[in-house]
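Undergrad: Handing you a structure now.
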Amino acid sequence: MSSNPHTLGQDFRQQVAPLGNVALCFATLRRAITRPAHLPGIVCYYGPSGYGKSTAATLVTISYDAVYVQARSSWTRKAAHQAILKGLGVIPAKTVAEMSDQIAEELVLSKRPLIVDEADYLVERGSIEIIRDIYEASQAPVMIIGEEGLPNKLKRWERFHGRVLDWAPAQPATLEDCKALAKLHSGKVQIEDDLLDRVHEMSGGSVRRICVNLALIEEQSLVAGQDVMNLKMWGSRELYTGEAPSRRRNA
Amino acid sequence: MSQAPARHCSPAGVLTDRERLWAAMRELRVFTIRDLCRAVNTGKDRDAAISDSKAKDYLAGLVRAGIVGKGLTVRFEPMRFELISDTGVRAPRVRKDGTMLPESGRNRMWKAMQILGEFSTRELMHAASIPGAAVAYSEAKTYCGWLARGGYLVQSGERFRFIRARFTGSKAPQILRVKQLFDPNTDKVVYASDPEGRDDL
């Protein structure tokens, strides 16, 4: 068993992570980990909700043995530090300054990357500098994950913005992703390519909507007692597009 | 004065034997096996004492992994060890032959479920598996079942939701076995063994 986190990440991507966004997330964090010493080490991974960012973050966290925290709107400076220390498994000190040192020390020694999800909350509260402090003190690779508008919001914090090595926008799900998801999630019903094509089209690139639609198709097929489903059999039944239903017109 | 920099991190939670040994090594930096055992066995509780052989086993693995250095052999002098590569508060998971182990499957599942938030057993299994150390479906299923019983997860149909407030720390809750001697004549548990099955590597 190799203990090198880099090779672990690579193998993993090739073996079980067929989704485009997962590969992108891996590549982004790897860039921060393997960066030359003179380059900054913060990377930002962002995209609309439902694009599978958290799933990608999970796989990356597990493979790189990263420290993962999810920011919340209620976070004060103290709460943020305590949460990171909890993730690290360290008993928090009393003051924020001490805790900041603890985090930096532990990140330096363990060489673990830090992943901060829902970073929008930190930016909105103006406490994103916490992350910069930790980065400055430890030079540990840091990945912040947030919504589509995150890079824009960060422009106000020039000192932070300048330390970002790479901005990686999550990509909409491709048809290949859709096929991979079908293989992963609907084991009981075989969904044929023409219907998958339609699912992909209706889901507008959102992994979450694809999953909802696949579950819908599987459920209805099982109810009808069919273990294969294609576009013709599905007919004009609705698929979930995430939009509120339009008013029915009288024909 | 040249002193090692002050360490301000101590591990959270109850420590396993190996974690206690590791904490003592980080404290002492240079030590003999005797120093180490003395530092670890400070409490009066004799049952919790860590034996020399246990310390030796762990040290052997750490030396082979290059984390602890071995001093020169001097006659009539106990061997001195030195901590060369301090990897933080987490005790390195190392086999006796010096190969490193990845985090335990349960720890990986525990970590994955707080990120996923909402998941099926199969999704958790995929998320927590790494090459060379896959998590079995049955293992994921058993673990989710127990965590749901403990109120960490809420089950709805085939899916589970992690209760954020129940994220108690970075160590995964463990499923233990307790053997009990039950007397049906008096409807009493007469004797219960110490729990077995704690992650102690």
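Undergrad: Considering A:Tyr121, A:Tyr64, which residue is surrounded by 22 or more Cβ atoms within 10 Å (Cβ to Cβ), over 30 Å from A:Glu201 (Cβ atoms), among the hydroxyl-bearing types (Ser, Thr, Tyr) and in contact (Cβ under 8 Å) with a residue 12 or more places away in the chain?
TA: Exactly one residue qualifies, and that residue is A:Tyr64.
Undergrad: Is it the case, given these coordinates, that A:Glu136 is outside the structural domain of A:Asp227 (by TED's automatic domain parsing), of a type in the set (Asp, Glu), more than 28 Å from B:Trp110 (Cβ to Cβ) and in a loop (DSSP other than H, G, I, E, B)?
TA: In short, no.
Undergrad: Taking the conditions exactly as written (under 22 Å from A:Ala57 (Cβ atoms) and more than 11 Å from every other protein chain (Cβ to nearest Cβ)), does A:Arg112 satisfy them or not?
TA: No; evaluated as a whole, the condition is false for this residue.
Undergrad: Residues in the stretch B:121-131: is at least one out of contact with any strand residue (DSSP E or B) (no Cβ under 8 Å at 6 or more places or on another chain), assigned to a loop (DSSP other than H, G, I, E, B) and not assigned by TED's automatic domain parsing to the domain that holds B:Arg20?
TA: Within the stretch B:121-131, one or more residues are out of contact with any strand residue (DSSP E or B) (no Cβ under 8 Å at 6 or more places or on another chain), assigned to a loop (DSSP other than H, G, I, E, B) and not assigned by TED's automatic domain parsing to the domain that holds B:Arg20.
Undergrad: For the subset of the stretch B:176-201 comprising residues that are part of a strand (DSSP E or B) and among the basic types (Lys, Arg), which member is modelled with the highest pLDDT?
TA: B:Lys188
Undergrad: Can you say whether A:Ala83 is without any contact (Cβ under 8 Å) to a residue 40 or more places away in the chain, more than 15 Å from A:Ile145 (Cα to Cα) and either at the interface with another protein chain (Cβ under 10 Å from one of its Cβ atoms) or crowded, with 18+ Cβ neighbours inside 10 Å (or both), as far as the supplied structure shows?
TA: Against the criterion (without any contact (Cβ under 8 Å) to a residue 40 or more places away in the chain, more than 15 Å from A:Ile145 (Cα to Cα) and either at the interface with another protein chain (Cβ under 10 Å from one of its Cβ atoms) or crowded, with 18+ Cβ neighbours inside 10 Å (or both)), A:Ala83 qualifies.
Undergrad: Follow-up question, since we're still on this one. Working only within the stretch B:5-47, note down all residues that are under 25 Å from A:Val108 (Cα atoms), modelled with pLDDT under 90 and β-branched (Val, Ile, Thr).
TA: If the condition is that a residue be under 25 Å from A:Val108 (Cα atoms), modelled with pLDDT under 90 and β-branched (Val, Ile, Thr), then B:Val14, B:Thr16 are the ones that fit.
Undergrad: Over 20 Å from A:Val164 (Cα atoms), touching a residue at least 60 places away in the same chain (Cβ under 8 Å) and of a type in the set (Gly, Ala, Ser): is that true of A:Gly41 in this structure?
TA: Considered against the rule, which asks whether it is over 20 Å from A:Val164 (Cα atoms), touching a residue at least 60 places away in the same chain (Cβ under 8 Å) and of a type in the set (Gly, Ala, Ser), A:Gly41 comes out as no.
Undergrad: Still on this structure, I have one more. Kindly check whether there is at least one residue in the stretch A:33-46 that is of a type outside the set (Phe, Trp, Tyr), assigned to a helix (DSSP H, G or I) and buried (at least 23 other Cβ atoms within 10 Å of the Cβ).
TA: No, the stretch A:33-46 contains no residue that is of a type outside the set (Phe, Trp, Tyr), assigned to a helix (DSSP H, G or I) and buried (at least 23 other Cβ atoms within 10 Å of the Cβ).
The values are calculated or read from the model by the stated rules, or taken from the named source; none is laboratory data. Since the model is a prediction, treat every value here as computed from it, not as a measurement. In this analysis, Cβ positions are derived from the backbone assuming ideal geometry, glycine residues included, and neighbour counts consider all displayed protein chains.
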